[in-house]
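The values are calculated or read from the model by the stated rules, or taken from the named source; none is laboratory data. Note that the coordinates shown come from a computational prediction; the quantities given were computed from them, not determined experimentally. Virtual Cβ from ideal backbone geometry, glycine too; neighbours counted across all protein chains shown.
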Amino acid sequence: MGILIKPIVTEKMTAQGDKLNRYGFIVDRNANKVEIKQAVEQTYNVSVLSVNTANYHGKAKSRYTKAGLLTGRTNHYKKAYVTLAKDDKIDFYANV
């Protein structure tokens, strides 16, 4: 599996893409900012100005079922917010 797992396509990230030229990705938890920058530049043929990252810890979840109480947690993941140069754009819907 590569460094970029999937893009974040939400209303908030779409607005930031239009206004600030910033895009979000779920990335490998062990990837650093330099690796993320290189992966985005190679994949989308754009020039990256900056990369901000955020690590998210999985939440504990529980629910009641016929078999009793089931407990577990959601996965840990890492987000990367990538700011591109003014002339560059990423179109996630081009392949659809």
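Quick notes on this one:
- Scan segment 70-82 for residues that are in contact (Cβ under 8 Å) with a residue 40 or more places away in the chain, more than 9 Å from TYR56 (Cβ to Cβ) and loosely packed, with under 15 Cβ neighbours inside 10 Å and the total you get is 0.
- For segment 27-44, taking the residues that are in contact (Cβ under 8 Å) with a residue 40 or more places away in the chain, part of a loop (DSSP other than H, G, I, E, B) and of a type outside the set (A, V, I, L, M, F, W, C), the one that is surrounded by the most Cβ atoms within 10 Å (Cβ to Cβ) is identified as ASP28.
- Condition check for VAL27: modelled with pLDDT of 95 or more and among the β-branched types (Val, Ile, Thr): yes
- SER47 meets each of the listed conditions (1) touching a residue at least 24 places away in the same chain (Cβ under 8 Å); (2) hydroxyl-bearing (Ser, Thr, Tyr); (3) under 20 Å from THR10 (Cβ atoms) apart from (3).
- Leading residue by the ranking (modelled with the lowest pLDDT) among those in segment 1-24 that are assigned to a loop (DSSP other than H, G, I, E, B) and surrounded by fewer than 17 Cβ atoms within 10 Å (Cβ to Cβ): MET1
- Residue that is farthest from the chain's Cα centre (by Cα) [pool: residues in segment 50-96 that are farther than 23 Å from PRO7 by Cα and among the hydrophobic types (A, V, I, L, M, F, W, C)]: ALA67
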